[in-house]
Amino acid sequence: MYKVCVTGAAGRVAQSFIPLLCNGSIFPDKKITLSLLDINNEPQIRELNGLKLELIDCNYPNLLSISTHTDPNEAFKDCDIIVFIGGFPRKPGMERKDLLKINSKIFSEQGLALKNAKEDVKCLVVANPCNTNAKIMYEVCKKNGLKIKKENFTSLSRLDQDRAEGIYKEMYKKDSANIFIWGNHSSSLFIDTIDESINKDIENNQNFLEKIQKRGAEIINVRGSSSTFSAANAAKNHLRDWCYGNEKIVSMGVVSNGDYDIPKELVSSFPIKCIGDWKYEVVKGIELDDGKKEKIKKCVEDLEGEASEIVV
Ligand code: LMR
């Protein structure tokens, strides 16, 4: 059994994600005790209450119980997994880092509230800027003496990988094998692969890179609001692979150990090997020529710029 909290549960991304969690698409062999958190405002509370009724009506075999909360301390109590979706969403014309001022307060508070969760709680941050929001929580926990391991703080770059693979398939009319993401979930992200033939296709294709870097903004411009079920689907893939493992290299935002000259303690996307049983490691030995190193350096500058704005 896993106790899972979803924050921002009244919002659209969460409502695409919660059915995947409850219908066994992520943890087919686990029963789920669901804790739903949103802010203490009337529209969100009504939405949470309605959501609870609908979840009961779905009669998901894996769903054991549902509780709704407006206080993270209560919502996180004894949680095994927390999916941080709640935060102010990006609007047209904004970069994700423009959300830092608004969302960092939420993540400082929620970082502290992690003291109520299990010590081995697994955290996935979806709300933007997701890498730096994860770093805020990691730093808050460290400062306050919480014993949650740094490996347990992750952020969502799987959406960029899934996008890159989907758009590659569309653009080149070939099945994509293994693309992965370095750096920030932002317009500085860098796409890489160890597959030579894909590398030839994408290496100097600025159009392809920019398409992925700006896909979030493209969706916001086209429909007036940010991505929903693709983000939920990527969160599903991230958690499933983290828990059960994957043969492929996958992309996850994790707290850096200094690999590939990405400074320690920045939360950056890396090529990751998920081993199973919630264990993963950064894939070592990926060859980087000067051009690739330069692009990763730009990612680092972007992440360092965001990190310099946080106060814990
Ligand atoms: C996305 O990439 O679609 C999401 O992170 C939302 C956004 O602000 O771009």
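The values are calculated or read from the model by the stated rules, or taken from the named source; none is laboratory data. Just so we're clear, the structure is a prediction, and the values are computed from it rather than from any experiment. Virtual Cβ from ideal backbone geometry, glycine too; neighbours counted across all protein chains shown. The area values use the complete protein model at the heavy-atom level, side chains included, leaving out ligands, DNA and RNA. Shrake-Rupley method; radii C 1.70, N 1.55, O 1.52, S 1.80 Å.
What to note about this one:
- Hey, SER256 buried (at least 21 other Cβ atoms within 10 Å of the Cβ) and farther than 19 Å from ALA134 by Cα or not: no
- Condition met for VAL125 (under 16 Å from VAL4 (Cα atoms), among the β-branched types (Val, Ile, Thr), surrounded by 15 or more Cβ atoms within 10 Å (Cβ to Cβ) and within 15 Å of the ligand (Cβ to nearest atom)): yes
- Scanning region 197-230 for residues that are over 20 Å from CYS299 (Cβ atoms), surrounded by fewer than 14 Cβ atoms within 10 Å (Cβ to Cβ) and more than 10 Å from the ligand (Cβ to nearest atom) gives SER197, LYS200, ASN221, VAL222, ARG223, GLY224.
- Qualifying position, being on the phi > 0 side of the Ramachandran plot, open to solvent by 50 Å² or more (accessible area, probe 1.4 Å) and polar (S, T, N, Q), among ASN40, ASN59, ASN23: ASN59
- Given (1) within 16 Å of the ligand (Cβ to nearest atom); (2) modelled with pLDDT of 95 or more, number of the condition ASN246 does not satisfy: (1)
- Top-ranked residue in region 70-100 [being assigned to a helix (DSSP H, G or I) and basic (Lys, Arg); ranked as surrounded by the most Cβ atoms within 10 Å (Cβ to Cβ)]: ARG96
- Restricting attention to region 222-262, the residues that are closer than 25 Å to ASP195 by Cβ and among the hydroxyl-bearing types (Ser, Thr, Tyr) total 5.
- Candidate set from region 186-196 (those that are of a type outside the set (S, T, N, Q) and either within 11 Å of the ligand (Cβ to nearest atom) or assigned to a helix (DSSP H, G or I) (or both)); member that is farthest from PHE84 (Cα to Cα): GLU196
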